[in-house]
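The values are calculated or read from the model by the stated rules, or taken from the named source; none is laboratory data. A quick note: this is a predicted structure, and the numbers were derived from the prediction, not measured. All Cβ positions, glycine included, derive from the backbone under ideal geometry; neighbour counts span all protein chains shown. Accessible surface areas use protein heavy atoms only, side chains included; no ligands, DNA or RNA. Shrake-Rupley method; radii C 1.70, N 1.55, O 1.52, S 1.80 Å.
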Amino acid sequence: AALNQFVSPKFQDVLAVNNISFEIHTGEIVALIGPNGAGKTTTLKVLTGLLQPSNGSILVAGYIPGKRQHAFLKVISMVLGNKSQMLWDIPALDTFYVLGEIYQIGKNEVKQRIDELSLMLEMEDILKKPVRNLSLGERMKCELVASLLHRPQVLFLDEPTLGLDITIQNRLRNFIIQYNQRFQATILLTSHYMADIERLCSRVLLIHHGELIYDGTLNELSKQLSNTKLIRVTVSEPLSDLEALDWSSFGAEILEQNHQSFTLRVEKTQAPACTAMLLNRFVVADLVVENPPLEAVIDRIYREGVV
């Protein structure tokens, strides 16, 4: 069977992305989200010219990506969270100077850009260490510097905070915002971390099974899909007989509770009445009404495949 597959292989066409159409303006930071296998990385590879689309048309910064012209490659950059472009056995600084030669940037200018980017990322102390000795977060900082030395107009980020701790994630998010504001770079990123999306992006492109099913703001997506609110209550005295109350009249249910706090999920239209009842019945120390976590909304879309 193995020999037959080698001699007479059978091929099957797989439609990775289909009928996706969008436009991103200069200086926007836009998220491309979707479940695993939705076509996110494929879309980025098509936009950078690494893959050729079977049909349709694409323009990035005025260029057709598939032609991979030198002028086009000088205005884009792509960072893959699970792949490295750094040379493993030499210091990051040496790789940066090699890249400076490749992009034909003068030595003084390269040094100035390295200093500027490393200062923004707070990584001056790791520049002369072999890359193999760096932590994952430190290597990701180096990946960003390597990708931004030539000051690309368009930056593609594929899972840039993958596997990083919270401190490094926040630092990288702040850096991306700084870079965008400073150079008016257009940024398209994928991420499974909703904190990335909420912090960085004003707009979301959501794809599922290779098709674009939503293009808009996160807030609007949440409003559109969620018909409930969460009410988090902290009271001044220990709770008793909480479940004995008639929550069904408010379309509410208890999600969690401890001795002096509880959380309700309530129908959006009933949230004001339920809040008034809580304030009348309990000695309330704190009360917060909020939308369900964005992760819950996104998870529902991923499972159902519709918006």
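Whenever a residue of the range 282-293 is under 20 Å from residue 268 (Cα atoms), its partners that are open to solvent by less than 60 Å² (accessible area, probe 1.4 Å) and in a loop (DSSP other than H, G, I, E, B), lying with C-beta atoms within less than 7 angstrom and at least six residues away or across chains, give the pairs 291/226; 292/226. Against the list (1) modelled with pLDDT of 90 or more; (2) farther than 29 Å from residue 300 by Cα; (3) of a type in the set (A, V, I, L, M, F, W, C), the condition residue 244 fails is (1). The numbered conditions (1) open to solvent by 20 Å² or more (accessible area, probe 1.4 Å); (2) closer than 26 Å to residue 98 by Cβ are all true for residue 172 except (1). Taking first residues from the range 182-205 that are free of Cβ contacts under 8 Å to residues at least 60 places away in the same chain and partners that are assigned to a loop (DSSP other than H, G, I, E, B) and buried (at least 22 other Cβ atoms within 10 Å of the Cβ), the Cβ contacts under 8 Å between residues at least 6 apart in sequence or on separate chains come to 193/161. Of the strands (runs of 3 or more DSSP E) lying entirely inside the range 187-286, those containing at least 3 residues that are touching a helix residue (DSSP H, G or I) at 6+ places or on another chain (Cβ under 8 Å) and farther than 30 Å from residue 162 by Cα span 228-235, 253-257, 261-267. When 213, 207 are checked against the criterion of being open to solvent by 20 Å² or more (accessible area, probe 1.4 Å) and either hydroxyl-bearing (Ser, Thr, Tyr) or in contact with a Leu (Cβ under 8 Å, 6 or more places away or on another chain) (or both), a single residue qualifies: 213.
Of the listed requirements (1) farther than 21 Å from residue 220 by Cα; (2) open to solvent by 80 Å² or more (accessible area, probe 1.4 Å), residue 295 misses just one: (1).
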